[in-house]
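In what follows, a single structure is set out as structure tokens and then discussed.
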Amino acid sequence: MTSLCSFESCGNDNCSRLGIHIWLCVVSTSVVLVYSDESCSNTPIQLVINEQLACEGAEFPVCDQKHITGRSLFQTHRCIEDVDGFVALQYDRTPYVMVEEYADVTSCETLSRVVVYRANGLCYYSIADGTSFNILLNVGGLIIFATYPTTSCNDFNTELLAIGPSTLNRCT
């Protein structure tokens with residue numbers, strides 16, 4: 001996370017002898033948006049929001065093509081201030097799952113990144129860990145998160161995670 005800060009000093013006659021110095025900061029967070037379309041204009045497949053990286057985004061983000069495991073994906077980089085608001089705006093009416101990842105041995109106190117997954121039941125490649133994923137919502141009150149070691153989403157090596165109300169927050 002970086003801060004865009006300005007320094008203000010109260011140096012006029014109305015201030016105390018010591019003066020008043022104020023740092024005004026706006027926190028900015030780095031986000032990578034991943035798309036399947038070359039215009040980077042449809043709903044993103046995935047967002048990777050990194051709280052630890054310095055944010056240097058272009059005013060007009062460029063849609064870059066990436067070739068990963070024989071597939072073409074497209075990405076843009078942005079700097080954002082309101083994570084929840086930005087995610088809601090990007091996904092609009094498309095279902096998504098937001099996963100917070102915390103630094104090891106910090107008892108869920110140090111957030112390292114947030115990964116947002118499109119959750120519409122289709123197969124997508126994840127830039128966060130190099131697997132493919134498929135998310136089904138509200139299957140008997142559960143979220144079913146399936147990850148695959150290849151891009152096909154029909155492997156026998158499927159890792160399934162069923163998330164219910166009691167497993168949503170493992171930090172408490």
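Each value in this text was obtained by applying a stated rule to the coordinates, not by laboratory testing. Nothing here was measured: the structure is a model prediction, and the numbers come from that model. Cβ: placed from backbone, ideal geometry, glycine included. Neighbour counts: every protein chain shown.
Odds and ends about this structure:
- Theoretical gain in end-to-end length, ASN120 to ALA162 [0.36 nm per residue, Cα-Cα removed]: 13.5 nm
- Counted residue by residue at 0.36 nm each, then reduced by the alpha carbon distance between them, the extension gain from HIS67 to LEU136 reaches 22.2 nm.
- Prolate/oblate/rounded call for the stretch 66-114, Cα gyration tensor, a/c under 1.5 rounded: oblate
- Radius 13 Å from Cβ of ASN134, net charge of other residues (Lys, Arg +1; Asp, Glu -1): -1
- Cα gyration tensor shape of the stretch 50-168, rounded if a/c is under 1.5, else prolate or oblate by comparing a/b with b/c: oblate
- Most to least packed among 154-160, 74-80 [average Cβ atoms within 10 Å]: 74-80, 154-160
- Fewest-first ranking of VAL115, VAL139, using other Cβ atoms within 10 Å as the exposure measure: VAL139, VAL115
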